[in-house]
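What follows draws every value from the coordinates through simple rules; no lab data is involved. Bear in mind the structure is a predicted one, so any value in this text is a computation, not a measurement. Here the Cβ is made from the backbone with ideal geometry for all residues, glycine too, and neighbour counts use every protein chain on show.
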Amino acid sequence: MKLIASQLRDDVERVVHHLFPNGKKVGIYWVTGDIYDTPASNNGSFKIALSGKKQGMCRDFNGDDTWFDLLDAWYKRFNIDKKTAAMQAVEFLGISSTGIGFPSSKIVKVESKPKVRPKAQPIRQSWTDKLVSRLKSNQRAMHYLASRSLKLATIEEFKLGLSTPYTNSEGITSSDALVFPMRCEDGSFISTNGYYCIPDVTENPTDRNGWMKGAPQVYFTHAYRKQKKIFVCEGVKDAWVVYQNLKENNLLQDILVCSGTHGSSIPDVMRSEGFWSRFEKIYLGHDHDSAGDRMAEKLSELILKDCYRVKCPASYAPAKYSADGTIKPDSEWGADWTDFFKADSCIEEFLSLLNDSPICATKIDLAEGSNNFLAEGRFNVAPVDINGAYINERMYYPVQTLVRKKEIDEYGVEYFSERYETVVVRSDATVHKAIKSPAPRGTPDSERVIRLSDGTLIRSEPKPNDFCTWKWSNIEAYINRRVKVRSTRDIFDDVYNTLKKAVWLPVKEDYVILSLTVLATYVQNVFESVPILFLNGQAGTGKSQTGIIMAKLSCNGSVIGQVSAATAARHIDAARGFVVFDDLEGVASKGGKDGGQFSELVQALKVSYNKNTAEKIWTDVKTMKTERLNFFGIKLISNTSGADDILSTRMLRIQTRHMPDSEKGTIKKLNATDFTKIEALRQELHSWGFMKCAEIEEQASRFNEKSGRFDEIALPLRVIAKMVSDECSKELEVALSKQRTVVIETSDPVETLKEAVKNLIKEGFIRFTVTQVILELRTLLDENFGADMTNSIPEWQRPEWVGRQLRTLGLLDNIDLGRTTFYGKRLKVMQFNDHAVNEVIEELGATIELQKDPFDFCKGCSSCPYSNSHCEFKSHRLQQEQKDKIKYN
């Protein structure tokens with residue numbers, strides 16, 4: 001055992017860093033708060049000599065004041081038996097255990113005997129008088145006490161004195177410390193003394209604040225006379241001041257004042273339930289800072305009844321500053337009762353603080369940040385999901401790397417070992433790894449704290465993303481600041497032109513929505529809410545092609561086909577980017593016996609637009625295991641039918657229709673060269689998002705006129721449009737004003753009719769014909785929907801049904817506008833009433849600027865949106881146009 005202790009002493013620097021990581025080097029000592037490595041509030045009272053004749057020896061100046069070696073410190077530190085400590089030390093030192101005789105760890109039951117404390121000796125009055133006289137004759141010492149508001153009567157009451165010169169075993173002489181005899185519960189004084197350092201008076205103090213030999217004790221300011229209230233101070237100096245003010249107001253018979261003598265160490269008597277049970281009110285008046293809170297909380301755990309935390313208001317203390325010169329929060333200024341009464345505060349305010357004090361409970365601090373990583377305490381758990389996160393104006397992107405290391409085997413042959421490691425790239429061009437914080441021995445892995453190397457508290461280790469679209473070569477270029485990113489406008493124009501080349505949309509403003517959405521996918525985590533796009537149209541109108549090209553352009557873009565609901569849910573969580581549902585009905589049809597999971601998926605999609613509601617607990621119906629999935633993000637859902645009422649309010653609708661013949665030459669099939677350009681554009685967008693994320697957040701904060709969910713989901717598009725150009729912002733507002741903000745289930749033709757009416761009014765058709773309404777319905781419903789047979793005409797395509805429903809719904813004006821012949825058909829012109837128009841105006845938040853002629857929709861078959869909807873006018877118009885051409889020729 002002596003060999004182990006000797007080896008520990010020889011390697012003392014490494015040992016103290018292992019046993020007491022919270023300590024610090026002060027002179028030739030390693031100093032910490034106590035044997036359990038509690039961080040020291042000042043210099044610390046537990047010291048280990050790093051050099052000199054006491055090298056490797058430990059001493060607790062607030063304990064029993066004896067020296068012991070590092071092996072003893074080891075087993076005391078971890079509260080283990082000496083054999084276990086010796087075995088751990090051998091492993092730590094890396095020495096052979098052969099020949100070392102470990103002590104037996106067998107427990108021998110012995111009859112416990114009560115610990116007999118030596119009887120306290122009364123003070124020697126003559127010696128005390130000498131010390132008091134030394135104090136009174138020292139003007140600087142008396143001035144110091146006066147500056148703490150202590151009066152002469154109080155100084156004499158507590159027999160305060162000034163210590164005589166004393167030379168210790170190391171040849172260091174100390175003198176002129178403030179000395180006070182201990183006062184017991186009965187009010188008597190004993191010969192045990194405590195000491196305080198007086199600035200600029202005390203020579204070579206043991207501690208910059210105070211010290212005392214022996215075990216911690218309770219110091220009483222006056223005798224216990226069955227008081228029902230007790231006030232506990234953090235230090236004896238504060239107790240004197242509180243006593244002084246209570247005495248002046250005749251309150252000593254109501255309140256007993258005491259303090260521990262050894263800072264954070266609790267006297268044994270205070271650990272006894274009987275000590276506290278005699279009091280009705282227990283006030284813990286420790287300093288107003290985190291250290292005081294910890295001491296009060298620690299003490300409250302020993303008191304089996306309610307006790308009250310009383311704090312001196314922070315405003316009474318002078319401001320304190322950090323080492324870097326920044327001011328600390330006022331809760332760390334350490335206001336104490338000397339500060340309080342020194343400011344001429346009245347006793348009424350003190351009593352009011354007692355009456356209003358809260359019950360002392362276990363404190364859970366707010367989520368810790370970079371400014372309190374080294375603060376001790378209990379904090380609320382606020383880890384973040386780092387995969388694609390945006391925190392403190394920085395974006396994070398996890399990427400898998402391969403780590404190769406040269407090693408040497410047991411035969412001395414060099415070889416390379418390889419492993420995968422996921423790192424996180426931050427938008428300030430730095431790379432960070434996940435690390436597990438040091439934890440107490442025996443902590444289960446599930447309770448280990450995981451942080452990034454920048455200190456960010458994360459929920460779990462970063463995972464590689466199978467849908468990652470940012471290539472490592474481009475990430476490396478970004479980290480090394482070799483990436484050149486064009487303006488937001490130039491990038492937007494490229495995205496816009498790519499979409500125009502690849503897909504045809506009947507509403508040209510929808511290209512603006514899709515293009516801005518592509519850019520938004522790269523910064524979606526900057527926002528609290530994002531839009532979901534609903535791509536709606538008949539089969540063969542280009543929905544799949546639109547989804548594919550959007551996925552190719554967007555961040556971590558991927559397409560979900562006909563898979564089960566559970567697979568789709570895990571896909572969304574894993575992708576953390578833009579997800580395309582190519583035919584939502586296909587996912588529903590895969591439900592089978594698990595149809596309930598499709599319903600659960602739809603419910604998750606309904607709240608996935610908002611970051612605060614997007615996380616859901618998903619239950620596997622086969623194994624019944626649960627897992628946390630994150631559904632947040634921009635999505636594109638294509639469907640031939642509509643969306644339900646709730647889901648539609650989170651969506652921006654993009655309508656697809658059959659392409660007119662005149663447009664077919666403008667849409668080209670993309671080739672390999674085009675996809676290469678798209679990939680290069682996507683890599684540039686990744687860098688753009690990282691560079692612009694903070695600016696985008698700042699721009700978003702200026703949009704404060706949020707009036708509802710629609711404005712929430714439109715915010716990302718509006719912010720980016722503003723960064724593109726004013727013209728883009730105007731086009732976006734036009735596009736948003738045309739949105740079908742209420743999209744309904746097509747199982748009810750009457751509801752679809754309401755939507756068709758709104759669409760016509762939005763386009764300016766206040767006056768209309770029933771034929772135009774039927775054409776609009778054909779763009780929203782499948783041609784054979786509701787038909788009994790494939791060759792029969794569905795009821796909703798019959799003019800008499802449409803007219804009857806419009807009257808039943810109360811949407812028509814009673815004005816008679818007559819009939820007009822239009823391309824061979826005799827048509828009645830109708831007009832929507834003010835109720836129908838005002839409902840649309842209220843939904844749009846704007847007036848209908850241009851009211852069109854009821855036949856303005858028919859401008860030519862080549863560009864007509866109803867060209868592929870079996871238009872009744874088409875054949876007549878084409879014949880007429882042909883006749884006009886012949887006549888002209």
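Tabulated values for the structure
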{"quantity": "Computed helical MRE - 222 nm, the chain, DSSP H runs ≥ 4 contributing -39500 (n - 2.57), nearest 500", "calculated": "-10500 deg cm²/dmol"}
{"quantity": "Sites matching GluC sites (Glu not before Pro) across the stretch 254-323 that sit in DSSP coil, with at most 13 neighbouring C-beta atoms within 10 Å", "calculated": "E280, E301"}
{"quantity": "Pairwise label distance in nanometres, T422 with N209, each label 7 Å out on the Cα-Cβ vector", "calculated": "4.5"}
{"quantity": "Qualifying GluC sites (Glu not before Pro) for the stretch 812-860 [loop in DSSP, other Cβ within 10 Å: at most 16]", "calculated": "E849"}
{"quantity": "Rounded if a/c under 1.5, otherwise prolate or oblate - the stretch 2-93, Cα gyration tensor axes", "calculated": "prolate"}
{"quantity": "Other-chain or far-sequence residues with amide H under 5 Å of L636's (modelled H)", "calculated": "L533, V579, V580, F581"}
{"quantity": "Translational diffusion of the chain, µm² s⁻¹ [Kirkwood Rh, Cα pairs; Stokes-Einstein; 4 °C; 1.567 mPa s]", "calculated": "37"}
{"quantity": "Total lysine pairs whose alpha carbons fall under 23 Å of each other in the stretch 749-881 (8 or more apart, or interchain)", "calculated": "17"}
{"quantity": "Cα shape, the stretch 749-881, gyration tensor, a/c 1.5 rule", "calculated": "oblate"}
{"quantity": "Acute angle (nearest 10 degrees) that the helix 672-700 long axis makes with the longest principal axis of the chain, alpha-carbon atoms", "calculated": "50"}
{"quantity": "16 Å Cα-Cα reach of K622 towards aspartates and glutamates, excluding residues that sit fewer than 8 places from it in its own chain", "calculated": "D594, E600"}
{"quantity": "Crossing angle, helix 726-737 versus the chain [Cα axis fit, 0-90 degrees, rounded to tens]", "calculated": "70"}
{"quantity": "Distance violations [Cα-Cα > 18 Å] among K281/K311; K2/K25; K500/K677; K433/K484; K247/K311; K136/K213", "calculated": "K2/K25; K433/K484; K247/K311; K136/K213"}
{"quantity": "Qualifying trypsin sites (Lys or Arg not before Pro) in the stretch 492-561, DSSP loop, other Cβ atoms within 10 Å at most 15", "calculated": "K508"}
{"quantity": "Cα shape, the stretch 121-214, gyration tensor, a/c 1.5 rule", "calculated": "oblate"}
{"quantity": "Farthest positive-ward along the chain dipole, Cα basis, beta-carbon charges - from W618, V431, S662", "calculated": "V431"}
{"quantity": "Nearest-ten-degree value, helix 543-553 long axis tilted from longest Cα axis of the chain", "calculated": "40"}
{"quantity": "Lys, Arg +1 and Asp, Glu -1 on Cβ, resulting dipole of the chain about Cα centre, debye, nearest 20", "calculated": "1260"}
{"quantity": "Convex hull volume per residue for the stretch 478-589, taking Cα atoms only, in Å³", "calculated": "128"}
{"quantity": "Förster radius 45 Å - calculated FRET efficiency between E509 and R482 (Cβ-Cβ, nearest 0.05)", "calculated": "0.75"}
{"quantity": "Pair T567, S875: separation of 7 Å Cα→Cβ label points (nm)", "calculated": "4.6"}
{"quantity": "Between the stretch 1-36 and the stretch 474-553, the Cα center-to-center distance that results, in Å", "calculated": "60"}
